[in-house]
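The values are calculated or read from the model by the stated rules, or taken from the named source; none is laboratory data. Just so it is clear, the structure is predicted and the values come from calculations on it, not from any experiment. Methodologically, a virtual Cβ is constructed for each residue, glycine included, from the backbone with ideal geometry; neighbour enumeration extends over all protein chains shown. Side chains included, ligands, DNA and RNA excluded: accessible areas come from the protein's heavy atoms. Shrake-Rupley method; radii C 1.70, N 1.55, O 1.52, S 1.80 Å.
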Amino acid sequence: MNILVAGGAGYIGSHTIVELLNSGHNVICVDNLSNSSKVAIDRVEEITNKKVLFYKTDLSDKNSLNDIFENNRIDACIMFAGLKAVGESTKKPLLYYMNNLTSFMNLVEVMISHNCYNIIFSSSATVYGLLAKSPISEDSYVGDLGKITNPYGKTKLIIEQMLFDIAKVNDKLKIVILRYFNPVGAHKSGLLGEDPRGIPNNLMPYIAKVAVGKMEKLHIYGNDYNTKDGTGVRDYIHVVDLAMGHVAALKIFETNKKSEDSGNGNVFVYNLGTGVGYSVLDVVNTYEKVNNIKINYVIDGRRDGDVDTLYCNPKKAREELNFKPQLGLDDMCRDSYNFQKNNPNGYN
Ligand code: NAD
Ligand code: UD1
């Protein structure tokens with residue numbers, strides 16, 4: 001298929017493009033590089049020895065998007081583009097609503113006007129809200145904006161609801177919503193990985209910075225949770241497995257399968273996680289063990305908005321997409337360090 005990957009220069013997008021190219025698809029990447037570097041795309045080409053057609057374009061620019069669709073036959077879109085920092089979204093809510101919602105609406109409108117009806121959307125476990133009980137199945141979704149504490153998470157829920165509404169009135173559309181749990185790790189080549197700007201918000205990139213001496217120590221947010229060692233438990237999934245989940249999801253577009261997730265059967269929703277929960281200390285200990293290094297840490301107070309335990313029930317993606325993650329916590333920690341060591345200053 002010819003696939004337009006919006007936000008493809010980013011962390012998950014770049015890894016997904018590698019797997020798409022390796023599976024024989026052609027890729028057109030659209031990214032404004034607001035949170036990424038073109039170097040990632042050059043490296044995708046180096047890894048795969050294949051070409052990516054790259055457009056440095058902002059999805060707010062509908063005319064340019066129209067031109068891209070005029071000039072290319074596009075069979076499906078994967079929508080990764082968006083701003084994703086939870087903390088920043090509470091400080092700049094308008095920026096997040098504007099960027100994430102406008103980008104999504106423009107893409108869908110232009111797609112449909114060019115008779116392209118297949119889209120995969122990057123959603124998040126955040127749509128389940130803080131009170132969801134693990135293991136979380138897709139049907140525990142309640143769609144309640146009031147249960148989401150930050151504008152970033154709200155943009156995910158709003159877009160999901162828009163997709164359900166749009167699908168109701170357009171039978172040709174096929175929509176796959178993928179709810180990621182905690183993507184971590186990097187490509188085993190050491191060429192692609194996560195390159196957050198500034199101080200990382202998430203656990204694994206923070207540990208990586210401590211590992212190479214860019215940060216002094218990890219702050220563990222709370223050791224008084226109701227978990228085996230008191231630290232928060234999450235469902236970490238290797239980014240290469242996550243990328244393979246997108247390749248698996250594309251098969252939906254080639255079948256006549258109907259979904260039970262929406263009234264008229266054209267919206268498919270899947271959790272992408274491993275179904276296994278690891279604590280913060282599990283991650284730190286594994287990082288130390290597989291990389292033979294020391295990670296300095298201190299225990300701090302809890303972070304606002306955190307819950308004790310969050311992991312998915314991965315059964316639906318396994319049964320319907322034949323998707324089973326292959327890589328474990330050892331691989332996640334090894335590959336994260338390998339990228340950080342080889343790229344101490346990220347892509348630049
Ligand atoms: P990322 O920031 O690395 O990638 C997003 C890409 O979108 C970046 O390259 C950025 O430059 C681009 N972009 C942003 N706004 C744009 C616009 N207006 N026009 C064109 N390009 C634009 O993030 P990621 O970690 O690769 O995440 C990809 C998607 O998955 C995001 O939608 C994110 O919300 C979602 N997600 C990520 C995680 C995670 O932990 N990384 C978890 C759940 C969901
Ligand atoms: C966070 C976001 C979530 C978002 C996801 C992916 C919050 C409250 N949640 O999820 O909305 O979808 O990232 O971007 O921000 N931890 C530390 N020290 C750190 C960082 C994290 O101890 O420096 C702990 C956290 O308390 C948590 C675990 O590590 O228990 C994982 O945290 P993180 O990687 O930020 O992911 P989530 O909180 O699951």
Rounded to 5, the percent of DSSP beta bridges in the stretch 195-313 classed as antiparallel
25 percent
For residue 137, enumerate residues with amide H under 5 Å from its amide H, sequence gap 5+ or separate chain, H modeled in the peptide plane.
313
Taking amide H atoms as placed 1.01 Å from N in the peptide plane, list the residues 5 or more away in sequence, or in a different chain, whose amide H sits under 5 Å from that of residue 174.
118, 119
Residue-wise HN-Hα coupling along the stretch 72-78, computed from phi with Karplus coefficients 6.51, -1.76, 1.60 (Hz; x: Gly, Pro)
9, 7, 10, 8, 7, 10, 10
Sequence-distant lysines (8 or more away, or on other chains) whose Cα lies within less than 27 Å of residue 133
84, 147, 154, 156, 228, 315, 316, 324
Relative contact order of the stretch 137-223, pairs being alpha-carbon contacts under 8 Å that are 6 or more residues apart, as %
11 percent
Lysines whose Cα lies under 16 Å from that of residue 209, excluding same-chain neighbours fewer than 8 positions away:
217, 294, 341
For the chain, list log₁₀ I(q)/I(0) at each q in 0.11 Å⁻¹, using the Debye formula over Cα point scatterers of equal strength and ignoring solvent, two decimals each.
-0.70
With +1 assigned to the C-beta of every Lys and Arg and -1 to the C-beta of every Asp and Glu, and no other charges, what is the dipole magnitude of the stretch 44-169 about the Cα centre in debye, to the nearest 20?
340 debye
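Helix-only mean residue ellipticity at 222 nm, the chain, DSSP H runs n ≥ 4 weighted -39,500 (n - 2.57), per residue, nearest 500. What is it?
-11000 deg cm²/dmol
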Before I look further, what does the stretch 74-229 give for accessible area per residue, probe 1.4 Å, in whole square angstrom?
43 Å²
Kirkwood Rh for the stretch 1-65 from C-alpha pairs, in Å, is 11.6 Å
Carbon plus sulfur fraction of accessible area for the chain, probe 1.4 Å, in percent:
47 percent
Residue by residue through the stretch 343-348, which ³J(HN,Hα) values in whole Hz follow from phi under the Karplus form 6.51 cos²θ - 1.76 cosθ + 1.60 (θ = phi - 60°), with glycine and proline marked x?
9, x, 10, x, 6, 9
Please report the relative contact order for the stretch 166-323, taking Cα pairs under 8 Å with a sequence separation of at least 6, and give it as a percent rounded to a whole number.
34 percent
What list of ³J(HN,Hα) couplings, whole Hz, do you get for the stretch 124-132 from phi and the Karplus terms 6.51, -1.76, 1.60, once you set θ to phi - 60° and write x for glycine and proline?
8, 4, 4, 5, 6, x, 6, 9, 5
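Rounded to the nearest 5, what % of the DSSP beta bridges within the stretch 1-94 are antiparallel ones? Present the calculation step by step, with values, prior to reporting the outcome.
Details: 0 of 13 bridges.
For the stretch 1-94, the DSSP antiparallel bridge percentage is about 0.
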So for the chain: antiparallel DSSP bridges make up what percent, rounded to the nearest 5?
5 percent
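Given an 8 Å cut-off on Cα distances and at least 6 residues of separation, report the relative contact order of the chain as a percent. Please list the in-between numbers first.
Details: 680 pairs, mean separation 67.8, N = 348.
Computed over the chain, the figure is 19 percent.
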Tell me which of 57, 152, 340 sits at the most positive position along the dipole axis of the chain, charges placed on C-beta atoms (Lys, Arg +1; Asp, Glu -1).
340
State which helices in the chain qualify, where a helix is a whole DSSP H run, it must extend 24 Å or more along its own axis by its Cα atoms, and its mean Kyte-Doolittle hydropathy must be at least -1.0.
151-168
Could you list which residues have their amide H under 5 Å from that of residue 215, counting only those 5 or more apart in sequence or on another chain, with H placed in the peptide plane?
210
For the stretch 290-348, accessible area per residue (1.4 Å probe, heavy atoms of protein chains only), Å²
57 Å²
